[in-house]
1. Kirkwood-based Rg over Rh for the stretch 296-389 (C-alpha set), two decimals?
2. Scaled to the compact-protein estimate 2.2 N^0.38 Å, what is the alpha-carbon radius of gyration of the chain, rounded to two decimal places?
3. Per-residue HN-Hα couplings for the stretch 305-320, Karplus 6.51 cos²θ - 1.76 cosθ + 1.60 at θ = phi - 60°, whole Hz, x for Gly and Pro?
4. Please give the Cα centre distance for the stretch 13-47 versus the stretch 168-231, rounded to the nearest Å.
5. Can you work out the FRET efficiency for the pair E68 and E113, with r the C-beta to C-beta distance and R0 = 30 Å, to the nearest 0.05?
6. Length gain on complete extension for the stretch F369 to Y176, per 0.36 nm per residue less the alpha carbon to alpha carbon distance?
7. Can you tell me the 0 to 90 degree angle between the C-alpha axis of helix 12-23 and the longest principal axis of the chain, rounded to 10?
8. Taking only Cα atoms, what is the 0 to 90° angle, nearest 10, from helix 357-372's long axis to the longest principal axis of the chain?
Amino acid sequence: MKTQVAIIGGGPSGLLLSQLLHTRGIDSVVLERKTKEYVLGRIRAGVLEQGLVGLLEEAGCAGRLHAEGYVHDGTLISYGDEMFRVDFTEHTGKPVIVYGQTEVTRDLYAAREAASGIIEFEVEDVVINRADSEAPFVTYSVGGEPRRIDCDFIAGCDGFHGVSRQAIPLDLRREYEKVYPFGWLGILSETPPVNHELIYANSTRGFALCSMRNENLSRYYIQCSLSDKPEDWTDEAFWQELKRRIPAEEAATLVTGPSIEKSIAPLRSFVTEPMRWGRLFLCGDTAHIVPPTGAKGLNTAASDVHYLYNGLRDFYENGSSAGIDSYSEKALRRVWKAERFSWWFSSLMHRYPDQSEFDLKMQVAELEFLRSNKAAQQAMAENYVGLPY
Ligand code: FAS
Ligand code: PHB
């Protein structure tokens, strides 16, 4: 098979890139390791920056998002029984949209299928070949049958555990990592959200987050030990712990119910540089990971897609390689700002095993400053709604 862009990974990065390229008549093939049902079964991000919304509009996939997504003009931050609000629209003129990553991915699959886009599922043994040449190709198998795609470019959109990052020779890669000494235990419940906005909670017992997907589908998280397993937590134990970590007034109105999904995500900050080697471009989680505290994971994958899509458009439409040549530097400049914000917000909101009494006092002082200072709130709001591409 021959195509212009071979895309490894059928998650949001790969699908969004494929659909955007399609709108400009640029052919691609998406290779996905799992089944579509498996991909759609993952419960992940919930908050979309305007930049991602704009890309989905450009890709012709934003109809349901605008019909079903929730516009959030701000968020609540609590510490003990104290709670204050950061108004995104007041400080930046922009809201965020609450709409699950699962739905974004579903909309992208629907768009690719409507356009007869080529997506191969359950691929195995994906190997990137001659990425540092003018004639790269990808080999893989489906059902034991060996296959090959000859292409102009390869987009590695295969997430943190994919093969693309490793295709760049180790001596050419620099990796930066911070592993957090805790995870997030998350549940999904068919209950009304405790508040119409998100609540990020700093408590003496650890972090909690109250989020949602719609008026009868709530998403809650509590910081947990890395040794915890989802099955260690009954629903009742989860609800009791969540109530201890959010303000009493909110806990009193929390509607509990059976969990329909329960999972633990480890937290890490990770960046690999560069995000390009020859005709291979890394995009999304394969190149960088953030702790989900700042809701930057999916949204930073989106800005990578923006830079790569425009670089490839420039190449095919204008014969210029300027966009693809500057891709890695441009993408990384925004990636590191997302890493900083996610690390800052995680440091502010979580309990760390080695924290001293002084460290805890610093957290409260930082929260009080954020609560009372307009410039601090503007800085937080600008990062949360998404820095410019
Ligand atoms: P993805 O990992 O989503 O997609 C990569 C795809 O490539 C997958 O479908 C995988 O099956 C496929 N693949 C892997 N190896 C392959 C191979 N060899 N061949 C072919 N295909 C291959 N972000 C937030 O903003 N908020 C959150 O709350 C949040 N929670 C998260 C929870 C978890 C458990 C995880 C892992 C991530 C979370 N994230 C969150 C981040 C997440 O949303 C990512 O940023 C987002 O999925 C990035 O999308 P992709 O880059 O497409 O990577
Ligand atoms: C979610 O709704 O899953 C969510 C929202 C905000 C975050 C992380 C996760 O920062």
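The values are calculated or read from the model by the stated rules, or taken from the named source; none is laboratory data. Everything quoted here is computed from the prediction, not taken from an experiment. FYI the Cβ positions are ideal-geometry reconstructions off the backbone, even for glycines, and counts take in every protein chain you see. To get the accessible areas, we keep the full protein, side chains included, count just its heavy atoms, and leave off ligands, DNA and RNA. Shrake-Rupley method; radii C 1.70, N 1.55, O 1.52, S 1.80 Å.
1. A ratio of 1.17.
2. Compared with the compact-globule rule of thumb, the chain sits at 1.00.
3. Karplus-based 3J(HN,Hα) across the stretch 305-320 equals 4, 4, 5, 6, 4, 5, x, 6, 4, 4, 5, 7, 8, 10, x, 9 Hz.
4. Centre-to-centre (Cα) distance: 23 Å.
5. Computed FRET efficiency for E68 and E113: 0.95.
6. Net length gain for the segment: 66.5 nm.
7. So the helix axis and the longest Cα principal axis differ by about 50 degrees.
8. 80
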